[in-house]
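Reading through the structure tokens given below for one structure.
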């Protein structure tokens with residue numbers, strides 16, 4: 001993946017303005033549907049936003065693994081949060097959770113504040129697009 005950063009633009013913090021993936025024959029595009037901060041049994045273990053972000057990201061990594069990909073293959077993320085102020089007040093903790101699961105890989109990202117998510121306890125929902133390389137022969 002190549003980061004697309006116009007040279008005269010300020011560097012974004014924690015995301016990329018654009019990404020480009022050079023697709024090889026046999027590579028795969030993976031679309032991960034919106035994941036939320038519950039565990040594999042669809043149970044919430046916390047109502048804390050940053051902790052839900054951590055679980056949501058772990059869920060995304062689990063789905064990517066099923067497609068033969070990892071967090072380094074993510075090209076785009078879309079975040080939906082139910083409270084912008086809660087999100088901005090926990091940015092430091094969210095960043096720690098992000099780096100613990102995804103590392104220092106920052107794809108193109110968009111974030112929205114929404115009125116609600118389908119699961120009442122969900123504080124965040126994240127969907128991902130990834131480009132995985134062709135499997136080794």
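Say we look at segment 78-87 and pick out the residues that are out of contact with any strand residue (DSSP E or B) (no Cβ under 6 Å at 6 or more places or on another chain) and in a helix (DSSP H, G or I); which of these is nearest to residue 119 (Cα to Cα)? Lay out the reasoning, then the answer.
Within segment 78-87, the first condition is being out of contact with any strand residue (DSSP E or B) (no Cβ under 6 Å at 6 or more places or on another chain), and the residues that meet it are 82-83, 85-86.
The next check asks that each one be in a helix (DSSP H, G or I); those that pass are 85-86.
Working: 85: 20, 86: 18 Å.
Filtering first and then ranking leaves 86.
Can you tell me how many residues in segment 23-48 are under 12 Å from residue 119 (Cβ atoms), touching a residue at least 24 places away in the same chain (Cβ under 8 Å) and either in contact with a helix residue (DSSP H, G or I) (Cβ under 8 Å, 6 or more places away or on another chain) or part of a loop (DSSP other than H, G, I, E, B) (or both)?
At the first step, the residues of segment 23-48 found to be under 12 Å from residue 119 (Cβ atoms) are 34-38, 42-44, 47.
Restricting the remaining residues to those that are touching a residue at least 24 places away in the same chain (Cβ under 8 Å) gives 34-38, 44, 47.
Narrowing the set further to residues that are either in contact with a helix residue (DSSP H, G or I) (Cβ under 8 Å, 6 or more places away or on another chain) or part of a loop (DSSP other than H, G, I, E, B) (or both) leaves 35-38, 44, 47.
Adding up the residues that qualify gives 6.
Which of (1) closer than 23 Å to residue 39 by Cα; (2) touching a residue at least 12 places away in the same chain (Cβ under 8 Å); (3) not in a loop (DSSP other than H, G, I, E, B) does residue 116 not meet, given it meets every other one?
Residue 116 satisfies every listed condition except (3).
Can you tell me which of (1) touching a strand residue (DSSP E or B) at 6+ places or on another chain (Cβ under 7 Å); (2) under 23 Å from residue 18 (Cα atoms); (3) assigned to a loop (DSSP other than H, G, I, E, B); (4) at pLDDT 95 or above is the one residue 106 doesn't meet?
(4)
Check 35, 90, 55 and return the single one that is touching a strand residue (DSSP E or B) at 6+ places or on another chain (Cβ under 9 Å) and over 28 Å from residue 4 (Cβ atoms).
On the way: 35 fails: over 28 Å from residue 4 (Cβ atoms); 90 fails: touching a strand residue (DSSP E or B) at 6+ places or on another chain (Cβ under 9 Å).
Checking each option against the conditions leaves just 55.
Criterion first (closer than 12 Å to residue 126 by Cα and in contact (Cβ under 8 Å) with a residue 60 or more places away in the chain) does residue 95 satisfy it?
No: the conditions fail for residue 95.
The values are calculated or read from the model by the stated rules, or taken from the named source; none is laboratory data. These numbers were taken from a predicted model, which means no experiment stands behind them. All Cβ positions, even for glycine, are placed from backbone atoms using ideal geometry, and neighbour counts span all protein chains on display.
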